[in-house]
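Inspection log for the structure reproduced underneath, given as C-alpha cells.
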Amino acid sequence: MSAHQAHRHTLRDGGFLRDGEPYFSVGFNYHPSSTGCDYWRDWDPEQIGADFARMAELGFNTVRFFVFWADFEPEPGAYDPVATERLRTFAALAARHRLQLLPSLLTIWMNGQRFDPPWRAGRDLWHDPEMTERQLGYVRHIARTLRDAGRDVLAYDLGDEVIHVDRNASGSLGPEGVRRWWDLLAGAVREAHPGALVLQANEASAVTGEHSFRPEHAAPLDLVGLHGFPVWTPFHMESVAAPKASSFVPYLVRRGLAHRPVLVDELGSYGCDEETARDYLRAAAHAALAAGACGVIVWCWQDFITERKPYALRPNERFVGLLRADGTPKPAMAAFRDFARRATGELAGFRPLPAPVGIHLPEHREEGDAGYLASGGSDAAAGFYAAQLLQRAHLPYAFTSGVPAAPDGPGGHRMLVCPSVRHLTLADQQALAGYVAAGGVLLYTGGDLLHGFGGEELFGVRTADFTLRAADVDSFTWQGTLYQLEREPGQLPVLTATTAKVLAEFPDGSPALTRHRYGQGVAYHLNAPFERQLNAPYRLREAPWHQLYADVAAAEGLTGELLAGPTVDDPDVEVTVLGRGDERCALVINHAPRPVRTTLHQDGRAEPLDLGPKAVHLATWTERRKAHA
C-alpha cells in the first residue's frame, strides 16, 4: 500500500468538493500518442509518466482514461494479471504528478469502432443475465484495484458512450431498464470502492435524442458526463465559429443540471483550423463553467503517431489533440491553460445563482401503441432555441425538473417559458395552472394542433378550427417587432379568444399572442411553435426573435428583477453571474467569431468593452449583506 493518502471527493450544489474544499476538474482524455488504444498491451510507462508530468506542469489536474474490457478480461471471469498491474502503475504515475483519475470502465466502443471482448460474441449487455454478471464482476475488479492502490479517483465512468455498442439493444430500454442497469453497476463500484462517485458518460443524444440514457433518469448516479461537438448536433450549427456552436455544450450542461451535477468529460472540435479550434475552446469552456459544469475535460491530449485501429479507418481522428505529434502545443493549449488557471484559481468555488427564468419541457413518453393519435416529431429543438433566446435577451435561466415550483418557493422561477409544446398531459396542464395561480408569469408556445394545446381555462383561448394555408398564420407584430414565422406543412390551429386579451393577430385576424390573468399570475399563449421554427441554418440571426421574451418580461415589470446583475447591449455576448458567498463574478463571453464593441451596464455605470472573437471578460464585485430591519 502506498504512503500516498487518497483525497475524498464529494459533491455540493452541483460542484466537486475535494476534502471539503471547492474543486474544479480540468484536464484531458488520454491515450498515448505512439500506441493509441493499444496502450495496455503496448506498454510504455516512461512515455505515460512524461505525459503526466507535462500535464501537471501545464496546470491541469485530471486525466480521463479508458480501461478496455478486452484487455483486462480476455476470458470470462479471468482478469489479466499483467494488465491489472499496469493499471496500478498507471495510477501511481498519475498520483506522482497529483493528477486525479477518471477511469472509463466498460470501454468497448471508441471512435466509431468496437474493441470487443471476443467471448461476448455479440451478446446483449442489458438483457443477457450472464453479460450482466460479467459486467458486475469486471467493474468490481477495476474499482477494487484502484481502491487498493490508494489512488485518487475523481469518479468512475461506467462506460463511455456505451449505448453505441448496440444501438438497437440500448434503444429498446425504457427509463426503468436504464435506471436498473445504472443502479446495478453503480452499486458494484461503490461496493468495491466505498465513497466513490459514479457517472456514465454519453454524447449529446443523452439530451437531444429519444433513448432513455438521459439525465432525468440518472437517480442511481452521482453525476452525469456529457459530450458535445458542433459537427454532431441536430441544431444546424452554421460552423464551429458560429455563436450557436460555443453555446451548445453549456446548453447540455444546463439541461443535465436540472437532474444531476454535470461533468463535461469530452469537449473539443472537429473540422476546423487550429485558430478556430482555439477560439471555440476558449468560449465553450468558460460558458460550460458559467452554466454550472463541475469540470471540463478536453478531447484530447495529443495527436497520434500510431496508424492502428481505430485510426486506420478514421485517420483524421489522429489530429484532434492539443499537442501536435511532435509535442509542440497548438494554439488551443494556451487558451485551455488560461481557462484552467481561472477555473482552479480566481473562479474556484463560484457557482450559478438561482435563475429567475425557467425553461419547462414537459416530459412525455407514449404509453402503449398510440397509433394515429401519437404526437410525432422531436422536441429537442424547442429547449435549445428557448435557451438561445433567453441568452440573447440576457435573461438568466435554468431548466426545470418535474412539476414547476411556485414562483416564490424554493427552486421557483418568476417567469416560465414552455416552448413549442407537442404534447401536454392533464397532469402537465394542472401543474402549469398551479404555477400561474401562485403568481407566476408563463409564456407558452404551442406545437401541435391537438396534443399541444394548453387548455382554455388557463389561457382563455379556444381552438376554433385549423387551416392548411400557412400564409394565414405566418406573421404577427407586437411591441413594434415583426415576427415572420416559418410554418410546418400540416394542420395549423386557428384560435379564438374567450377571456384572454389579444395582444397580436395573424394575417387572418385570429389571435397570435394572448395574455390571460389566472389566479395571482398571468399566462401568455403564442399560437405557433416559435422556438422550433428557428431550427434552420442562419434562421436565429434573421430577426430579433429574443425580443419577444424580453418584451414579455418588461410587460410584467420583471425586467429590473430579472436583470439584477450586469448586462450588455449585444445579443451575441453572454453575461452569466456566479456567486461565492457575498462575492459575485460576471462571465462576459463573446460567442461571435468577430470582434464586438459593446457596453457593460451595472448599477448605473457603463463600461465600454472591446471583445475579440470568442473572447472572455470577468467583472467582479461584492454583494453587501442587507441589515435586518
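Readers should treat all values here as calculations from the given coordinates under stated rules, not as data from a laboratory. Quick caveat, the model's predicted, so the values are computed rather than measured. Note that each Cβ is placed from the backbone with ideal geometry, even for glycine, and that neighbours are counted across all protein chains shown.
Tabulated results
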quantity	calculated
All aspartates and glutamates inside 15 Å of LYS501 as judged from Cα atoms, apart from same-chain residues fewer than 8 positions distant	GLU456, GLU457, GLU556
Scaled radius of gyration (Cα, divided by 2.2 N^0.38 Å) that the stretch 548-616 gives	1.19
Extension gain from GLU623 to THR328, taking 0.36 nm per residue of separation minus the Cα-Cα distance	101.8 nm
Reduced Cα scattering model of the stretch 9-349, Debye log10 I(q)/I(0), q = 0.07, 0.11, 0.12 Å⁻¹	-0.25, -0.66, -0.80
Rough spin-label spacing in nm, given labels placed 7 Å along Cα→Cβ, for THR499 and ASP19	6.2 nm
For ALA504, distant residues with modelled amide H under 5 Å away	ALA512, LEU513
Tail beyond 25 Å, pair distance distribution of the stretch 429-535 (Cα, percent)	16 percent
Kirkwood Rh and Cα Rg combined as Rg/Rh, the stretch 240-364	1.03
Helix-only mean residue ellipticity at 222 nm for the chain, each DSSP H run of n ≥ 4 adding -39500 (n - 2.57), per residue, nearest 500	-8500 deg cm²/dmol
Filtered GluC sites (Glu not before Pro), the stretch 492-542: DSSP coil and at most 16 other beta carbons within 10 Å	GLU542
Gain on full stretching of the segment that runs from GLU275 to TRP119 - 0.36 nm per residue minus C-alpha separation	51.7 nm
Highest-first arrangement of 341-353, 543-555, 272-284, where packing means the average Cβ count within 10 Å	272-284, 543-555, 341-353
Along each principal axis, Cα extent of the stretch 7-164, largest first, Å	44, 38, 30
Descending semi-axes in Å of the chain, equivalent ellipsoid built from Cα gyration tensor	43, 28, 23
The stretch 12-79 and the stretch 512-556: distance between their alpha carbon centers, rounded to Å	46 Å
Calculated FRET value between GLN520 and GLN484, using beta carbons and R₀ = 45 Å, to 0.05	0.80
Nitroxide proxy distance, nm - points 7 Å out along Cα→Cβ at ARG605 and ASP44	5.3 nm
Additional length obtainable on full extension of the chain from ASN111 to THR463, 0.36 nm per residue less Cα span	121.8 nm
